[in-house]
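Participant: Okay, here's the structure, questions in a sec.
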Amino acid sequence: MELKEAMQKALAFEKKGHGIYMEAAKATANPVVNKTFTYLAEQELRHVEAIEDYLKTGDLHAEALGDDEERTAEFFTMTTEEFKERTALSADDVKAHETALHLEKESYDFYAEALADAEGQATKDFLVFLMEQENAHYKLISRAYEYVSDPVSFHAQHEGWLFEG
C-alpha cells in the first residue's frame, strides 16, 4: 500500500471516529459518557489535522497534537473527581463504548499493517504515533466504561481504596 493511500485511509478512520464519538456524546444523558466521547471526538479532529499536515509537509509534529496515556489518565482523573456518584448506563451508552473499542482496535490494526509495509523512518514514526494514539484511546474507553458501569469497584481497583472494618 502506498503512503498516500494509507494516509487517506487513516483520514477516513479518524473522520469516522469523530462522527461516531460526537453522535455518542450527543445521544447520552450520562455526563461521564458525554465528557468521554466529546474528548475523544476532539482528539480525532487533532489526528485529522496531524495527518493532513503530514501529507502536506512530510513533517511529524506528534508531540503538539498527540495524546498519550499520561494525558488520558489526567483526563480520567478529572472525570472521577467530578463524578463520584454512580450513573446508570443506557443500552445506547453500552453500545457506544463497544463501538468505540471496536473502532480504536480496527484503526490500530490498520496502522500496524501499514507499518509493516512502510518505507522510510519518518513514515514509520508517524504510523507508530497513530498506533500509540489508538492504544491510549482504547485504554481510556475501557476505563471509562469500567467507571460508569461500577464506580465503587473501579475506585477500589484503580484508586487503591482500602476498606477498614
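No value in this document is a laboratory result; all are computed from the given coordinates. A quick note: this is a predicted structure, and the numbers were derived from the prediction, not measured.
Participant: Quick check on my link table: of Lys9/Lys95; Lys16/Lys124; Lys16/Lys105; Lys9/Lys56; Lys35/Lys105, which ones sit more than 18 Å apart, alpha carbon to alpha carbon? Don't skip to the answer; put the middle values down first.
Facilitator: Numbers: Lys9/Lys95 24 Å; Lys16/Lys124 23 Å; Lys16/Lys105 14 Å; Lys9/Lys56 16 Å; Lys35/Lys105 21 Å.
Long pairs (Cα-Cα over 18 Å): Lys9/Lys95; Lys16/Lys124; Lys35/Lys105.
Participant: So how much slack lies between Ala29 and Ala91, counting 0.36 nm per residue of separation and subtracting their Cα-Cα distance, in nm? Each step should come with its number before you reach the end.
Facilitator: Values: separation 62, 0.36 × 62 = 22.32 nm, distance 1.17 nm.
Once the chain is fully extended between Ala29 and Ala91, it gains 21.2 nm.
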